[in-house]
1. Given 196, 169, which one is surrounded by 20 or more Cβ atoms within 10 Å (Cβ to Cβ), among the acidic types (Asp, Glu), in contact (Cβ under 8 Å) with a residue 12 or more places away in the chain and under 25 Å from residue 35 (Cβ atoms)?
2. With the checklist (1) farther than 22 Å from residue 107 by Cα; (2) crowded, with 20+ Cβ neighbours inside 10 Å; (3) in contact with a Pro (Cβ under 8 Å, 6 or more places away or on another chain) in hand, flag the one item residue 223 doesn't pass.
3. Hey, can you tell me all the residues within the stretch 75-101 that are over 12 Å from residue 35 (Cα atoms), out of contact with any Cys (no Cβ under 8 Å at 6 or more places or on another chain) and of a type in the set (Val, Ile, Thr)?
4. Got at least one residue in the stretch 229-239 being within 19 Å of the chain's Cα centre (by Cα), crowded, with 21+ Cβ neighbours inside 10 Å and β-branched (Val, Ile, Thr)?
5. Which pairs do you get when a residue that is touching a residue at least 12 places away in the same chain (Cβ under 8 Å), found in the stretch 208-222, comes within reach of a residue that is of a type in the set (Gly, Ala, Ser) and part of a loop (DSSP other than H, G, I, E, B), reach meaning Cβ atoms under 9 angstrom, with the pair 6+ apart or on two chains?
6. When residues of the stretch 119-136 are filtered for being surrounded by fewer than 24 Cβ atoms within 10 Å (Cβ to Cβ), under 17 Å from the mean Cα position of the chain (by Cα) and in a loop (DSSP other than H, G, I, E, B), how many remain?
7. Counting only residues that are in contact with an Asp or Glu (Cβ under 7 Å, 6 or more places away or on another chain) and of a type in the set (Phe, Trp, Tyr), how many does the stretch 66-113 have?
Amino acid sequence: MTQLDASVRPTAMVFADPPVFGSAEEERMHRKQHLAAALRVFAMHGFDRGVAGHITARDPEYADRFWVNPYGMHFGHIRSSDLLCVDHDGRVIEGNGILNTAAFAIHSAIHKARPDVVAAAHAHSRYGSSWAAMGKPIDPITTESCFFFNDHAVYENWTGVTVEEDLADDIAHALGGNRAAILKNHGILTVGASVDEAAWWFIALERCCEAQFLTASAGGADPMSQKEAEETHRLVGSSRVGWFSFQPLYQEVARSHPDIAD
């Protein structure tokens, strides 16, 4: 085996870069395909619960519009052509189907409050919803949990299904500049600078909630120190890492479900 010369050994983790687009139309097509793929991935992970759950992607040309899955359509069937484009007034600009009013309220508030956010994801996943019932933050007990160290919020004022604008604004305010929020007695929500990133953070946060339950059942975990958690977050908690981590899942869906581009 050839040994790598110590002088040329990598000193940091290496990741690919997100794509760069030549036009808004090209980027729109990309975001819609990845949104459809993310919904398929959510179905594969069992995050679909009847009509509950939604992922949105901001339109690259019109900042006051975003794309969302139609209400009542199974995540595992959604194609790019099935997505709805809605503006911040709740008008469906493009697409056929029913707009989920709760999805509109929450996501429009987040997209208004966070110009840096391209995508947001929320679903009633098993462990995320269960941990949300505890109303507690995630502890830094695993590498994945450090994705969210000092980067997630707990929203404690959940009152049920959110369709009111003021409650949606409260959620966006509670989220603040974080990448995730735990909605007490409801579920989890993540955001990102790409559809891929937001989807990956959701999957990772669901696993973190699972780890919290498993370690608690075994007598509890020994969390990392603040210094260790901060360093781990610095190394693996960037937006770029979130985007890159989703790529194997996208590749699997793109190959096994080519109709996402239809």
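Nothing in this text is a laboratory measurement; each read-out follows from the coordinates by a stated rule. Please read all numbers here as calculations on a predicted model, not as lab measurements. Heads up, the Cβs are rebuilt from the backbone with ideal geometry, glycines too, and the neighbour counts pull from every protein chain shown.
1. Working: 169 fails: surrounded by 20 or more Cβ atoms within 10 Å (Cβ to Cβ).
Unique residue meeting the criteria: 196.
2. So the condition that residue 223 fails would be (2).
3. Within the stretch 75-101, 86, 98, 101 qualify.
4. Taking every residue of the stretch 229-239 in turn, none turns out to be within 19 Å of the chain's Cα centre (by Cα), crowded, with 21+ Cβ neighbours inside 10 Å and β-branched (Val, Ile, Thr).
5. So the pair list comes out as 209/125; 211/221; 212/221; 215/221.
6. Step one: of the stretch 119-136, the residues surrounded by fewer than 24 Cβ atoms within 10 Å (Cβ to Cβ) are 124, 126-127, 129-130, 133-136.
From what's left, under 17 Å from the mean Cα position of the chain (by Cα): 124, 126-127, 129.
Add one more test, that the residue is in a loop (DSSP other than H, G, I, E, B), and what stays is 124.
Here the count works out to 1.
7. Residues meeting the conditions: 3.
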